[in-house]
1. Do any residues in the stretch 47-62 that are closer than 15 Å to VAL11 by Cβ have Cβ atoms under 6 Å from those of residues that are assigned to a helix (DSSP H, G or I), where the two are at least six apart or on different chains, and which pairs are they?
2. Can we say VAL18 is among the aliphatic types (A, V, I, L, M), without any contact (Cβ under 8 Å) to a residue 40 or more places away in the chain, surrounded by 11 or more Cβ atoms within 10 Å (Cβ to Cβ) and part of a helix (DSSP H, G or I)?
3. Can you pull out the residues in the stretch 1-18 that are of a type in the set (Gly, Ala, Ser) and either modelled with pLDDT of 95 or more or in contact with a Gly (Cβ under 6 Å, 6 or more places away or on another chain) (or both)?
4. Contact list please: Cβ distance under 7 Å, first residue in the stretch 22-44 and open to solvent by less than 70 Å² (accessible area, probe 1.4 Å), second residue not hydrophobic (A, V, I, L, M, F, W, C), pairs at least six apart or on different chains.
5. Against the definition (surrounded by 12 or more Cβ atoms within 10 Å (Cβ to Cβ) and assigned to a helix (DSSP H, G or I)), how does SER8 come out, yes or no?
6. When you check GLY53 against the structure, is it over 16 Å from the mean Cα position of the chain (by Cα) and among the small types (Gly, Ala, Ser), yes or no?
Amino acid sequence: MKFSLPVSLGVLLAVIVVGVAGLVGGGMMPLRTTLMMVAPSMVVFGLLAFGLGVKHGEFRTA
């Protein structure tokens, strides 16, 4: 499978959606807390890790 930027970001979004859905479905915390605090932090961390991973991959191939 060849990864492009849209495919990679789509996979990242899918992982975040599955994680948030698991927390909501599991009833571990109130829905409001999950959507207002956990989901945005998962998105920010995911984008940060994605950006660092891309830059590291570019460094390793050069």
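1. Between residues of the stretch 47-62 that are closer than 15 Å to VAL11 by Cβ and residues that are assigned to a helix (DSSP H, G or I), the close pairs are PHE50/LEU12.
2. Working: among the aliphatic types (A, V, I, L, M): yes; without any contact (Cβ under 8 Å) to a residue 40 or more places away in the chain: yes; surrounded by 11 or more Cβ atoms within 10 Å (Cβ to Cβ): no; part of a helix (DSSP H, G or I): yes.
No: the conditions fail for VAL18.
3. Initial filter on the stretch 1-18 (of a type in the set (Gly, Ala, Ser)): 4, 8, 10, 14.
Scanning the stretch 1-18 gives a single hit, ALA14.
4. Between residues of the stretch 22-44 that are open to solvent by less than 70 Å² (accessible area, probe 1.4 Å) and residues that are not hydrophobic (A, V, I, L, M, F, W, C), the close pairs are LEU23/THR34; VAL24/THR34; MET42/GLY19.
5. Yes, satisfied.
6. Numbers: over 16 Å from the mean Cα position of the chain (by Cα): no; among the small types (Gly, Ala, Ser): yes.
No.
The values are calculated or read from the model by the stated rules, or taken from the named source; none is laboratory data. All values reported here derive from a predicted model rather than from experimental measurement. Here the Cβ is made from the backbone with ideal geometry for all residues, glycine too, and neighbour counts use every protein chain on show. Heavy atoms of the whole protein, side chains included, go into the accessibility calculation; ligands, DNA and RNA do not. Shrake-Rupley method; radii C 1.70, N 1.55, O 1.52, S 1.80 Å.
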